[in-house]
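The structure under discussion appears below in the form of structure tokens.
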Amino acid sequence: MGNPLFEMALRELEERQEDIRPSDVVLFSEPLRSALNFVIRLGRFSLTEFAEKLPEFSRDEVKRIADLLIQRHLFDLSRFATQEEPYYEARLSALTRPLTRPPSDIWKKID
């Protein structure tokens, strides 16, 4: 059987159908939430730095999480990345989801 913390973190990320924004991080369980808060504040970070914040996970597990977060548009692979040491950049934009127009009767609902 694998690491239960890793399996829970992976399940939380895979269940989300939409892109993940920095504000969505608070919905995740620990230790993933704390690690993501840390690296998002850094802006640019290495896989090693990310793995240091997730000591319960192996480096391969952390790489798998980072790859999934690239697919969900929370991280981008940095141009400084190498095969031996990937570097990532956190996307700070809150516009990863399409904007929708509010319903025309929104003021009636608010009043």
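The values are calculated or read from the model by the stated rules, or taken from the named source; none is laboratory data. If you're wondering where the values come from, they're calculated on a predicted model, not measured in any experiment. For neighbour counting, all protein chains shown are included, and Cβ atoms are generated from backbone atoms with ideal geometry for every residue, glycine included. Note: accessible area is taken over every heavy atom of the protein model, side chains too, but ligands, DNA and RNA are not part of it. Shrake-Rupley method; radii C 1.70, N 1.55, O 1.52, S 1.80 Å.
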### Task
Confirm whether Asp19 is part of a loop (DSSP other than H, G, I, E, B), surrounded by 13 or more Cβ atoms within 10 Å (Cβ to Cβ) and in contact with a Lys or Arg (Cβ under 9 Å, 6 or more places away or on another chain).
yes
### Query
Across the stretch 32-59, which residue is least open to solvent (accessible area, probe 1.4 Å) among those that are part of a helix (DSSP H, G or I) and basic (Lys, Arg)?
Arg33
### Query
List pairs: first in the stretch 76-98 and farther than 21 Å from Ile20 by Cα, second modelled with pLDDT of 85 or more and open to solvent by 60 Å² or more (accessible area, probe 1.4 Å), Cβ under 6 Å, 6+ apart or cross-chain?
Phe80/Tyr87; Ala81/Tyr87
## Note on the structure
Ser29 meets each of (1) small (Gly, Ala, Ser); (2) open to solvent by less than 40 Å² (accessible area, probe 1.4 Å); (3) in a helix (DSSP H, G or I) with one exception, condition (3)
### Message
Restricting to the stretch 67-82, name every residue that is assigned to a helix (DSSP H, G or I) and out of contact with any helix residue (DSSP H, G or I) (no Cβ under 6 Å at 6 or more places or on another chain).
### Response
Asp67, Leu69, Ile70, Gln71
